[in-house]
1. Can you tell me which residue within the range 35-65, out of those that are hydroxyl-bearing (Ser, Thr, Tyr) and out of contact with any Leu (no Cβ under 9 Å at 6 or more places or on another chain), is farthest from Leu157 (Cα to Cα)?
2. Does Asp210 fit the bill of being crowded, with 19+ Cβ neighbours inside 10 Å, acidic (Asp, Glu) and farther than 20 Å from Met59 by Cβ?
3. Can you name the condition, by its number, that Ser303 falls short on among (1) assigned to a helix (DSSP H, G or I); (2) among the small types (Gly, Ala, Ser); (3) in contact with a strand residue (DSSP E or B) (Cβ under 6 Å, 6 or more places away or on another chain)?
4. Between a first residue in the range 221-241 that is more than 25 Å from Ile271 (Cα to Cα) and a second residue that is among the acidic types (Asp, Glu), which pairs have beta carbons less than 8 Å apart while being 6 or more apart in sequence or on different chains?
5. Can you go through Met367, Met376 and tell me which one is over 29 Å from Lys14 (Cβ atoms), buried (at least 21 other Cβ atoms within 10 Å of the Cβ) and not assigned by TED's automatic domain parsing to the domain that holds Glu169?
6. Within the range 337-350, is even one residue crowded, with 19+ Cβ neighbours inside 10 Å, part of a strand (DSSP E or B) and among the β-branched types (Val, Ile, Thr)?
7. Looking at Leu398, is it of a type in the set (A, V, I, L, M) and modelled with pLDDT of 95 or more?
8. Picking from Arg99, Arg75, Arg70, Arg10, which residue would you name as being of a type in the set (D, E, K, R), farther than 21 Å from Glu189 by Cα and within 26 Å of the chain's Cα centre (by Cα)?
Amino acid sequence: MPQDTPSINRIAVKNPRTGKVDYHITPPSRLEVESRCLQLRSAQTEWASAPLSDRIGVMLKWADSVQKHRKDLTRAEAADTGRWRLSNESPDGVIWGIRGWCDHAEEIIDNALNVGQSTTMPDAKLAQQLVPYPLLGVISPWNFPLMLSSIDVIPALIAGSAAIIKPSEVTPRFIEPILESIAEVPELEKVLTYVQGPGETGQAIIDNVDIVCFTGSIPTGRKVAEACAKNFIPAFLELGGKDPVIVTETADIERATDAVLRGSVYATGQICFSIERVYVDKKIHDVFVDQLVQKSDQLALNSEDIHSGHLGPLIFDKQAEIIDRQLEDATAKGAVIRTGGKSNTIDGGKYVRPTVVTGVNHQMALMQEETFGPVMPVMAYSNIDEAVALANDTEFGLSAAVIAGDENEAMEIGRRIDAGGVSLMDTTLTGAILRDAEKTSFNLSGLGGSRMGPASILRFFRKKALIINPTPPARMQDLHEIG
């Protein structure tokens, strides 16, 4: 373990609308992280031994407290992300998540405990015990700072785990008001905390917890996975995406362009399941592109007023460099920017207009690397086999979409795409499965079980089988050698 030293250097935080540093955080030392983890572990024993109904009651109190701090959370996230509407919806997402899991937890856990007679040893009876991992560590990203810091924590707490969360140092302002909401629920404050800091703080967490959830990039996710493997603890990773959409010849073009535009530029494209590759049947390609360009040009930036416009600034200004580099590479190789283009600096903030690019191919970085911005590269295909091959020609496999003439056609194509969640007749429908269905990532887009559906809560349990033999045990004296 590295020698511990106090944190003396504050970390500067930029305002994405102004580009100026107007906030600082001070990371805890490694010993401080270790001390907090020990405190959480100590309290977790009582938390886990309490009836599920008691934990649910505490979580519902937290939902009420988050509601009380809703305005402060909104203002903090708006300052972190440069957008208002999504920031205003974020506390509601946490409240909805808490209450929803509280409504479903008992049924999910009861079903997991439903074990009876053995099918391999008919005389044996089986019982299942679920033992929560004592301490969860969460390392969450900057694009949806509040919601993504809580999405794994809520089911883990209900399961009986304690949790320590390190959000991204790029968007840390919401930590203060969320900690205030936790402090108003003393039973919860004993088993839940947030810390702020860079990657070193995350490493300190990994070295002091029993299970890790990480959301972020593939390179960082690989480091997290390696650190967890070294410590022999499970890791659940939700990583990058390069989500394709296939639009067939039979698709309604009006519907398809609406879905593709929203799926690509929602949250300024800074969302893991944003549409980043658009494959359109060559028979409708030109008409589709014309409509997509027309609709893109109708959208406005929120640079003049955070309460207006459709697209906010890039939260992490390094994304502007990635987007600009990908567009430069594409145009150098023959692609054409039909509308939008490279990033612009407006009053210190980095903005990218909805950008439609044609003449693209898979030799371009724009079609291979994650963009994380409002860029729509459109590529024509000749037949469905080619479209599916193109969609699957990627190191990613987080999500995808198909828009066809009807649901059956879309379903047939969707079943052939290698991705964890496939939206049909629309894009970005992943939120619909939160408590109902499970998905796992393909290729490098993730590792571990589903964070959605029943598995979302059950993954925080170690599963113990209790095996009962109600009959007299076999006697060794009766087990004669044969042959």
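The values are calculated or read from the model by the stated rules, or taken from the named source; none is laboratory data. Here the structure is a predicted model, which means the values were calculated and not measured. Here the Cβ positions follow ideal geometry from the backbone for every residue, glycine too, while neighbour counts run over all protein chains shown.
1. Among them, the one singled out is Ser35.
2. yes
3. Single failed check for Ser303: (1).
4. Pairs that qualify, where the first residue is more than 25 Å from Ile271 (Cα to Cα) and the partner is among the acidic types (Asp, Glu), are Ala227/Asp207; Asn231/Asp207; Ile233/Asp210.
5. The unique qualifying residue is Met367.
6. Checked the range 337-350: no residue is crowded, with 19+ Cβ neighbours inside 10 Å, part of a strand (DSSP E or B) and among the β-branched types (Val, Ile, Thr).
7. Here the answer is yes, as Leu398 does meet what is asked.
8. Arg75
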